[in-house]
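A short write-up of the structure that comes next.
The values are calculated or read from the model by the stated rules, or taken from the named source; none is laboratory data. As the structure is a prediction and not an experimental result, all values here were calculated from the model. A quick note on method: Cβ atoms are made from the backbone with ideal geometry, for glycine too, and the neighbour counts reach across all protein chains shown.
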Amino acid sequence: MKKIILGAAIAVLTITGMNAQETTFGVKAGFSSASATVEAGGQDISASESGFFVGVVADFTVSDQFHVTPSALYTNIDDTGFLQIPVLGKYLIGEGGFNIQAGPQFNLILEETADDFSSLSVGLTGGFGYDFTEKFFAEAHYHLQLTNSFTGDGDITARTDFFNVGVGYRF
């Protein structure tokens, strides 16, 4: 399953890159907060931790107002490493630098996971950004996990949602 999802993400990036009018690459970093929730037997258990993210981003111009911005982010929350791969559509609002972003995101836990838990999850990410210049930008995103990380028997649901806010620089 992991190979299929990662293969699909690579295919989307390749096709997007072939159709793009202009492509820029950059780096970004910032604050990350994770909220994990486990639901079992009518009971909810949740916990939140915070950390940081750092990674690379590409910006494919599809039209004057629409871009596709895939990223590969290393995220560290409470000594647990994650690879976050958001593939976001970015819609520019007017001439002022504001934009809204939305799309799928793939998360991979880089540490060993417990039995009956998947290290790969898929969800939807949305947020907004502001381009201060052609090179400097800031963004805030919320990721809602759609898949259940619990793979064992029983009526248990385990999900982790993320909130990232950071700054970046395009080369």
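Structural remarks
- Some residue of segment 113-122 being touching a residue at least 12 places away in the same chain (Cβ under 8 Å), within 17 Å of the chain's Cα centre (by Cα) and closer than 26 Å to His67 by Cβ: yes
- Hits in segment 106-128 (condition: assigned to a strand (DSSP E or B) and touching a Phe, Trp or Tyr at 6+ places or on another chain (Cβ under 8 Å)): Asn107, Leu108, Ile109, Phe117, Leu120, Ser121, Val122, Thr125, Gly126, Gly127, Phe128
- Output for segment 130-171, where each listed residue is under 19 Å from the mean Cα position of the chain (by Cα), touching a residue at least 40 places away in the same chain (Cβ under 8 Å) and closer than 30 Å to Ser118 by Cα: Glu139, His141, His143, Ala158, Arg159, Thr160, Asp161, Phe162, Phe163, Asn164, Val165, Gly166
- Residue that is modelled with the lowest pLDDT, among those in segment 38-84 that are closer than 24 Å to Gly103 by Cβ and of a type in the set (D, E, K, R): Asp64
Residue-by-condition table, conditions (1) surrounded by 13 or more Cβ atoms within 10 Å (Cβ to Cβ); (2) modelled with pLDDT under 95; (3) of a type in the set (S, T, N, Q):
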| site | (1), (2), (3) |
| --- | --- |
| Leu92 | yes, no, no |
| Gly96 | no, yes, no |
| Asn99 | yes, no, yes |
| Leu108 | yes, no, no |
| His141 | yes, no, no |
| Ser149 | yes, no, yes |
| Gly152 | no, yes, no |
| Arg159 | yes, no, no |
| Gly166 | yes, no, no |
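- The residue that is farthest from the chain's Cα centre (by Cα), counting only those in segment 20-34 that are polar (S, T, N, Q) and surrounded by 15 or more Cβ atoms within 10 Å (Cβ to Cβ), is Thr24.
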